[in-house]
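Have a look at the structure below before the remarks.
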Amino acid sequence: MVRKYIKKSRRRMWSTEAMKMAIEAVIKQGLSIKKASIENEVPQATLSRKIHQCRCDPDKSIDLVMHPKASNFQTVFTKEQELILCQYINMLEDQLVGLTTIDIRRLAFQVAEKLRIPHRFNRDIETAGEDWYRGFLKRNPRVTLKRVDHLSEKNRELNENRVYQFFDLLEGTINKYDLKASDVYNVDETVITCLPKYDSNIESIELEEFASAEQNKLVTAVICLCANGDHLPLLLIFPCLNKCKTLVKGAPPGAWAEFHPTGQMHLSIFIKWLKKFIHFSKATRDSPVLLILDGYRSYLKDLQVLEIIQENGVNVMCVPSQFGDKLQPIRLNFMTCLSKTYSSELMKWIRSNPNCIVSMNEIYQHFGNAFLKVLKIATPASCFRDTGIWPVDRNLLNKDVDRSAKTESPTKEKSKS
């Protein structure tokens, strides 16, 4: 596809109104085709063809034969189909999801595949072309992408705008759907290993022997808390290809596991988790819920995820990147306490089992025990309250914004000196 199409032929250089008047003059007034083409300055051959179309099909109006293809150049999507794509983009922007040009091009490919539209997009990387994207923006000037880069915390005005935007959206969503504490959730991921974090009370030789035996395999833990104090069952993603029942040994009630060679969250796993979340929260269009999470996740921008969210009444809202540790209830207090408790559980087992190592088969038991202990210390309700998300209190974070702004002036003075 060319970046800027320039018409080369002289086809359809005539006026639509002039052609319509010429057709009416021939059909209704009995004027000859040659005379009508001269008087209205339209091509005689084109006028003759359109007169023939009207006479062969009396039910076809003149307007239906007035809009032929101007050339062989065609867009991939029709106006109605591009409107569907714009609606998905606007929905992601309203959820404060960080979008890039690549995200829109991938979404366009997915829409074309779903609607079974013939296209020439790159099937290897499943992405629409850059030329298509430029043309799409020209045809839809209202589509604008917000900056997704990390803003400096020293810029007070930008920080305040991001915070106000987040809380405006939070309050608007809660008031619009009349949400309760049982309808507000936060999900986050953390990476764990079979190794306890370094502690000054532990001899370095002991840790070195333990580390060399375990090889530092990474496991992703998915945690979801509710503002009313409830929580979803744990999910651990293990770094292996095939399912292994022994890895779930000692897991808390309801906890489950997924398996991927990288041990990280991927689209297929997130869709499974999302369906379990919908079942747990009992989310429907008539009884929607709010899910707060980090917006810089590629699977949030997938068409299949967007459709599941829309169909089941899940309102997704993403926190500003520079305030992720302060706005996400799980990250503020819960995750720090969980990390320390988990390391303590590992060291307790190592000391009581000398010359033994913690394997992947025991990791769910130790992490599950730590998780249940932390739920009693850093309760989910207190985590939501401390972030100002439930009950809504934007003043809690505004104090942190003011502190970051005050620290700007001393750093500037030092740089000048």
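The values are calculated or read from the model by the stated rules, or taken from the named source; none is laboratory data. None of these values were measured; they are calculated from a predicted model. All Cβ positions, glycine included, derive from the backbone under ideal geometry; neighbour counts span all protein chains shown.
One residue alone among Arg105, Arg116, Arg142 is in contact (Cβ under 8 Å) with a residue 12 or more places away in the chain and in a loop (DSSP other than H, G, I, E, B), and that residue is Arg142. For segment 216-239, the candidate set comprises residues that are in contact (Cβ under 8 Å) with a residue 60 or more places away in the chain and assigned to a loop (DSSP other than H, G, I, E, B); within that set, the residue that is nearest to Phe384 (Cα to Cα) is Ala227.
Among the criteria (1) touching a residue at least 60 places away in the same chain (Cβ under 8 Å); (2) surrounded by fewer than 16 Cβ atoms within 10 Å (Cβ to Cβ), the one Leu247 does not fulfil is (2). Within segment 257-267, the residues that satisfy the criterion of being in contact with a helix residue (DSSP H, G or I) (Cβ under 9 Å, 6 or more places away or on another chain) and closer than 18 Å to Ser298 by Cα are His260, Met265, His266, Leu267.
If the condition is being among the β-branched types (Val, Ile, Thr) and free of Cβ contacts under 8 Å to residues at least 40 places away in the same chain, then segment 279-317 contributes Thr284, Val305, Ile308, Ile309.
For segment 121-143, the tally of residues that are at pLDDT below 90 and either under 12 Å from Thr101 (Cβ atoms) or hydrophobic (A, V, I, L, M, F, W, C) (or both) stands at 1.
Checking each residue in segment 306-352 for being of a type in the set (A, V, I, L, M, F, W, C) and under 16 Å from Leu96 (Cβ atoms) picks out Leu306, Ile309, Val314, Val316, Met317, Cys318, Val319, Phe323, Leu327.
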